[in-house]
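Undergrad: Below is one structure. I have some questions about it.
What follows is calculated from the coordinates using simple rules that are stated; it is not laboratory data. As the structure is a computational prediction, the values presented were derived from the model and not from experiment. Neighbour counts run over all protein chains shown; Cβ positions are idealised from the backbone, glycine included.
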Amino acid sequence: MRLSTEEKIELGLKDLGTVNHAFGDKDSDEPPQLTVDIGETHTEALGETVDKRADLVYSLNDRPPWYLCILLGFQHYILAFGGIIAVPLILAEPLCIKDNNIAKSQLISTIFFVSGLCTLLQTTVGIRLPILQGGTFSFITPTLAILALPKWQCPAPKESVMLSVQLQNSTSPQQMENSDEVWMSRMREIQGAILVSSLLQIVLGFSGLVGLVLKYIGPLAIAPTITLIGLSLFIEAGKKSGGHWGIAALTVCLILLFSQYLSKVDVPMIAYKDKKWKVFQYPLFKLFSALFGMCGAWLVCFLLTIFDVFPSKSDEYGFSARTDISLDAVANSPWIHVPYPGAGVSALSTQDDDDMCFKGEFKKFSGKIIKGKVTVQGQWGMPTVSVSSVLGMMAGVLASTMESIGDYYACARLSGAPPPPTHAINRGIAVEGIGCILAALWGTGNGTTSYSQNIAALGITKVGSRLVLQTTGILMIVLGIFGKFGAVFITIPDPVIGGMFLVMFGMIAAVGISNLQYVDLNSSRNLLILGFSTFSGLVLPTWFHSNPGIIDTGIKELDQVIVVLFTTHMFIGGFFGFILDNTIPGTDKERGIKSWRDKVQQEGRNFCDQSCYDIPFCNGVLKRFRCFQYLPFLPSYKTTQQGAS
């Protein structure tokens, strides 16, 4: 679940509830105990800051025992599971791998592997808060717009090989035999778009422009942008759910049951400690609602498949709800599959064949051997870059940046850290851009961003340790290497996925609307901006899709740029919202900017120690040389700020 930027910041300034210590005190031998009462939320007074920090079982710099790190780390992995796995499943059809289960399992393994790498990078040298990085829905909308271009339409089954050869301007017999080239050429286009557009995020972070850009971005620009991410994906949710609406409805009901109706029900669990069996309470349904809902519907589909209730013919309604359709993906996937980026790799042997195989690898890759070395062009080949794709993907980059900044403030409060200083925010955004580049190099078909649901879990468990999220990153890397593990999720029936999409995409749309909580909705100015930007974001892309080829400027590249931009819902809504909000006269209070900004500044006055944001092992060097004081992404930058104040 993605929270609005203002909501995340306000979340960092509020108590999530009365929560007894999870897993006991740090020096206590008592068994884990966790009870939640979300209904007793209240706005904290400034004098309660110290008490709030003391209420944490483990704060940011604390190091829980290794077994708790693994347990809590796996919990964060499960919480992010639904959002991460949804990305490759959504992209499967537009990438032309709807029936290629092996390719889908490789994408799933890759995105989990890269998410783990980016989580370690962000928690170690980035913002250094306990934030999990995973696939972002902000990149999906421009990706679908790019793949909707006539050039990337999926060919008919008999024409797929020949079309892929034409796209690559090659007549090599080896390429004609490689049917994977059909979807790999599309993946390379997405890789190139993410690779180049993510440079914008790096520039915004390392140059310190993030703070300047945020001054001009208010809720009336954010609301239509985020809302249209959810609204534009309703077709994908409908396609999946339409395979069997009964199973999709069952999935939705189970998720609602666990996340809402049973959210306050604590499940008695047994722990063995000090040679005794002890019972403790745990909010199992609240923490694992999405997982339980999906697995429950998955189990029902499995039983109905075993008893042959679902039809066995592919052209009959309900066939897609069977769980035995994609079993070949599990059987044919390798046990170990190590995703690799597009970079030069030393060859293990010197042979003249164009195909080589690494020791321990179970699949071949294309490369050229030169003087004992092989130049590997990534899992799917060398990324391709086009202006239209890059500009379209930049809309997703900006939306992801705005969301992550709000996550930083909420995460800092819930982990017992002071509000992040400017240098930490700049560095966090820059490292997130680096993470998106890593995702592009590895070929996930997506970027990475911070996950709000994992930040909310910090407030429930009262464990804000950085080490726990670093453990999560390691778990994601390890599990991403096991090919069979990723292939298992291919057997999830489409209607179950569709039901999960109905809840997830609806929540994204609602989160966008929640940005308006600080805006004066009695103002005709605000209503005009909101209505026009949102409605235009629905109308223009629909019209362009209905009239393909209507744009003809005589310049092919310019035509593609216009089509991609004007078929990206979130770009249209965010563009009009941004322009109108900054040109039509209105006060900061009316626009909804003043209130949450004042709260952040007021909270920041209660903290003075910001050492938790320092880069490890670098403090001595950074303080020794004066030149580092002028770099806005380094901890030494605060010296310059203090001197100027």
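Undergrad: Quick one: of K151/K240; K104/K484; K264/K286; K98/K240; K98/K556; K239/K484, which pairs are farther than 18 Å apart, Cα to Cα?
TA: K151/K240; K98/K556; K239/K484
Undergrad: Residues of the range 124-143 with the amide nitrogen closer than 19 Å to a label point 7 Å from the Cα of H545, along Cα-to-Cβ, please.
TA: In the range 124-143, the label zone of H545 (backbone N under 19 Å from the point 7 Å along Cα→Cβ) covers 137-143.
Undergrad: I would also like to ask the following. Kindly identify the range 443-546 as rounded, prolate or oblate by the Cα gyration tensor criterion: order the square roots of the eigenvalues as a ≥ b ≥ c, call it rounded if a/c is under 1.5, otherwise compare a/b with b/c, prolate if a/b is larger, else oblate.
TA: oblate
Undergrad: Could you give the nm distance between label points at F532 and V279, where each point is 7 Å from its Cα heading toward the beta carbon?
TA: According to this spin-label approximation, the distance is 6.3 nm.
Undergrad: When a/c reaches 1.5 or more, the comparison of a/b and b/c decides; with that in mind, is the range 389-520 rounded, prolate or oblate per its Cα gyration tensor?
TA: rounded
Undergrad: What does the extension gain come out to for L212 and V338, with contour length at 0.36 nm per residue minus their alpha carbon separation?
TA: Gain in length upon complete extension: 41.3 nm.
Undergrad: Enumerate by residue number the trypsin sites (Lys or Arg not before Pro) in the range 199-291 meeting two conditions: DSSP loop (anything except H, G, I, E, B), and at most 11 other Cβ atoms within 10 Å of the site's Cβ.
TA: Answer in residue order: K215, K275.
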